[in-house]
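Written out below as C-alpha cells is the structure these notes cover.
The values are calculated or read from the model by the stated rules, or taken from the named source; none is laboratory data. Keep in mind it's a predicted model, so treat the numbers as computed, not measured. Heads up, the Cβs are rebuilt from the backbone with ideal geometry, glycines too, and the neighbour counts pull from every protein chain shown.
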Amino acid sequence: MGNLYRFVEPVLLLLLKKKGRSYGYELATELHGFALTDAEVEVAALYKTLRQLEQNNCLTSEWDVEGSGPARRVYALTPWGEQHLGEWITVLGHMSKAMGRFVRAAQAVSKDASPGTVAAAIPAAANIRPAHRSSKRGIGS
C-alpha cells in the first residue's frame, strides 16, 4: 500500500508554515513524520510538488548562496499558500471523518459476518460524503 500521492502537498504546506523557510532536502527529511504508510516519498515527486506549488503561487523560492557548500533553493509559504493549507485542512478533516465511518463499518462486518450485521453496517458507510473541493485550484485534481 503506497502513500497518497497528493498528500505530499498539504504536508509541504504545513512544514513551511511551521518553519517559515526551508530547503528541499530538509523538507524531505521531515516528510516521513506525516507518512500514511511505510512507503517513501520519491525525491522527484517532492521537487515536482514544490515546483507545482510555486507555479500556483502557494510558495516562493530563491537561491541561498550563503555559507559553505553548494547553493540551495529555499522555499517560503505565500498568503495564498496559507489559504490553500486551510482548504486542505478542511478537506482532510472531512476525509478523516469519512474514513472513520468506513473503518467502523468494515470492523463491524469483519467481527460478525451475519446478514443482519452487514445490512446494519452498510448504511453507515453509505453516508460517506465526498470531500469539499476548492473552486480555485482544484485540491483533488
Q. Has segment 67-86 got at least one residue that is touching a helix residue (DSSP H, G or I) at 6+ places or on another chain (Cβ under 9 Å), part of a helix (DSSP H, G or I), modelled with pLDDT under 90 and of a type in the set (D, E, K, R)?
A. no
Q: State yes or no: is LEU31 under 19 Å from GLU82 (Cα atoms) and either at pLDDT below 90 or surrounded by fewer than 12 Cβ atoms within 10 Å (Cβ to Cβ) (or both)?
A: yes
(Q) Being closer than 25 Å to SER96 by Cα, at pLDDT below 95 and surrounded by 12 or more Cβ atoms within 10 Å (Cβ to Cβ): is that true of ARG21 here? (A) no
Q: Starting from segment 62-77, keep only residues that are under 24 Å from THR49 (Cβ atoms), then list their pairs with residues that are among the β-branched types (Val, Ile, Thr) and not in a strand (DSSP E or B) whose Cβ atoms are within a distance under 7 Å, requiring at least 6 positions of separation or different chains.
A: ALA71/VAL65
